[in-house]
Amino acid sequence: MRALALTKNGNPFEIINIDEPQITKANQVKIKIYGTGICGGDLSDYLNPPTLNSSQLILGHEYSGEIVELGAKATNFKVGDKVIAESSAGCEECFYCRNGYTNLCPDRKGISGSFTDYIVVPERYVYRLPAETSLDLAILSEPLACVLNGIEKTQLRAGDLTVVVGPGPLGILTAFLADLKGAAVILVGRSSSQKRLEIAHNKLNLEVINSDLVDPGKYIKKINSYGADVVFGCAGSEKIIDFALKILKKGGSYTELGLFHGSKITIDFEKIVKKELKVTGAVSHRPDSWNRLLKLYKRNDLNELSKIISSKYELKNWKTAFENLKERKDLKAVLY
Ligand SMILES: [Zn+2]
Ligand SMILES: [Zn+2]
C-alpha cells in the first residue's frame, strides 16, 4: 500500500510502498483509514525536516476510520465500527500513566502514521464514534482532544472575557470550545491569516479581530477596562505572551497550547507576580480528553466544526496540499 513518509532521500517527503500492517498482538485492532488531517507539526516537518533516526517515518496522526480486523483479546469493538484513535501511547506503568496523564509519560511513543490505507493500534487507545458523528468531522478529533486538555487546565468560567491568539486550526478549535463553555471569546490574528479569520467569523460565528487593523489591547480594554479574564496562546510565540501579560486582568489566566521548538524566550515574569496571573501549559491529550470529546460529539455540539475543513486532497496530491497550507490558503486540509 502507498504511504506518505519522511525519508532520508525524500524532498523531504515522498510516497513509498509499504506492506499492509498485520495484527501481531492480541490487544490490537486494524483500522482502515478514512482520511487524515495535516497537522501544524506535519507542516513544520515539511518546512524544516528533522533528522531521522530510522530510514523512513510515515506521517499523519489526525485520522478517523473503520475497524476491519480484531486481535483475539480486542473484545470492545466489532468489524465495521467507526473509530478514532490516539496518536501516542504511554508506558502504562509509570506514575503519570497510572494516574491518567499518559501525555506526560517519559516513555511515550507514537502509534500513528496514517497517511496511508491501514494502521494497527492497541485497542486501549481506540474510541468508537457515536452513530451521529461523521468520519469527516471525526478527522478533527486529535486536535480537539489537545484543546480539551488545554481548556481543562484553564480556570475558564461562563462569561469570562477570553482572548484566543493565533487563528490556525488549534486557535479556532480553542475559540469554538471556549465559546461552547459560555465564555465571551475574541479570536485575534494578523492580516496574513485574514482568510482564516473570515472562516472563523462567517462559518462559526466567532468574534474576530485583525490585529494589523485594530489595536487588540484597546479593543479589549473597551469591553472591560480591567482586561481579559483568560488568554490562550495558540502559536508558541514570545510576542503573544507579551501581549497576554499586558491585557490580562489581575488574577487572570494564561494557557499556552503552542510549542517553541526548543527556542528560549524572554518574558516579563514580574508581571506574572505583580498581577497574580496563573500561567499554564498544556501538551497533547490524555484518555480523559478523548472520553469528553465523545460526549460532545454525541450531543451534536461540534457538527459546525466540519466547516473548517477547507480542502480535501487525494494522497497523491500531497505536495499541493502542503504548499497551500504554507501559503495559508487552507485552514484544515485533509488527505484521503
Ligand atoms: Zn496534530
Ligand atoms: Zn508512562
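The values are calculated or read from the model by the stated rules, or taken from the named source; none is laboratory data. Since this is a predicted model, take the numbers as computed values, not measurements. Positions of Cβ are generated from backbone atoms using ideal geometry, with glycine treated the same way; all protein chains shown enter the neighbour counts. Calculation scope for accessible area: heavy atoms of the full protein, side chains included, ligands and nucleic acids excluded. Shrake-Rupley method; radii C 1.70, N 1.55, O 1.52, S 1.80 Å.
List of remarks:
- Here residue 277 clears all of (1) in the same structural domain as residue 44 (by TED's automatic domain parsing); (2) surrounded by 15 or more Cβ atoms within 10 Å (Cβ to Cβ) except the condition numbered (1).
- For residue 77, the requirement of being farther than 30 Å from residue 189 by Cα, within 16 Å of ligand 2 (Cβ to nearest atom), open to solvent by 10 Å² or more (accessible area, probe 1.4 Å) and among the hydrophobic types (A, V, I, L, M, F, W, C) is not met.
- Which numbered condition residue 72 misses (of (1) small (Gly, Ala, Ser); (2) within 16 Å of ligand 1 (Cβ to nearest atom); (3) open to solvent by 50 Å² or more (accessible area, probe 1.4 Å)): (2)
- If you go through the stretch 244-272 and pick out every residue that is more than 27 Å from residue 222 (Cβ to Cβ) and either of a type in the set (Val, Ile, Thr) or in a strand (DSSP E or B) (or both), you end up with 2.
- Any pair with Cβ under 7 angstrom, 6 or more apart, that starts in the stretch 24-53 at a residue that is more than 23 Å from residue 169 (Cα to Cα) and ends at one that is part of a helix (DSSP H, G or I) and open to solvent by less than 70 Å² (accessible area, probe 1.4 Å): 27/123; 28/123; 29/123
- Set side by side, the residues 116, 133 differ, and just one is in contact with a helix residue (DSSP H, G or I) (Cβ under 9 Å, 6 or more places away or on another chain), farther than 23 Å from residue 172 by Cα, part of a loop (DSSP other than H, G, I, E, B) and modelled with pLDDT of 95 or more, which is 116.
- Close contacts from the stretch 195-212, counting a first residue that is more than 14 Å from residue 305 (Cα to Cα) and among the β-branched types (Val, Ile, Thr) and a second that is open to solvent by 80 Å² or more (accessible area, probe 1.4 Å) and at pLDDT 95 or above, with Cβ to Cβ under 7 Å and a gap of 6+ residues or different chains, come to 208/201.
- Condition check for residue 96: within 16 Å of ligand 1 (Cβ to nearest atom) and either of a type in the set (Phe, Trp, Tyr) or outside the structural domain of residue 32 (by TED's automatic domain parsing) (or both): no
- Of everything in the stretch 103-120 that is more than 16 Å from ligand 1 (Cβ to nearest atom) and surrounded by 14 or more Cβ atoms within 10 Å (Cβ to Cβ), the residue that is nearest to residue 29 (Cα to Cα) is 120.
- Residue that is most open to solvent (accessible area, probe 1.4 Å), among those in the stretch 12-37 that are in a strand (DSSP E or B), of a type in the set (S, T, N, Q) and under 16 Å from residue 67 (Cα atoms): 28
- Residue among 111, 58 that is of a type in the set (Val, Ile, Thr) and over 14 Å from residue 126 (Cα atoms): 58
- If you go through the stretch 121-132 and keep only what is open to solvent by 70 Å² or more (accessible area, probe 1.4 Å) and within 16 Å of ligand 2 (Cβ to nearest atom), you end up with just 124.
- Pair list, Cβ under 7 Å, 6 or more apart: the stretch 86-100 residue buried (at least 21 other Cβ atoms within 10 Å of the Cβ), other residue outside any loop (DSSP other than H, G, I, E, B) and among the small types (Gly, Ala, Ser): 87/110
- Under the condition of being within 9 Å of ligand 2 (Cβ to nearest atom) and within 18 Å of residue 292 (Cβ to Cβ), the residues counted in the stretch 91-103 number 2.
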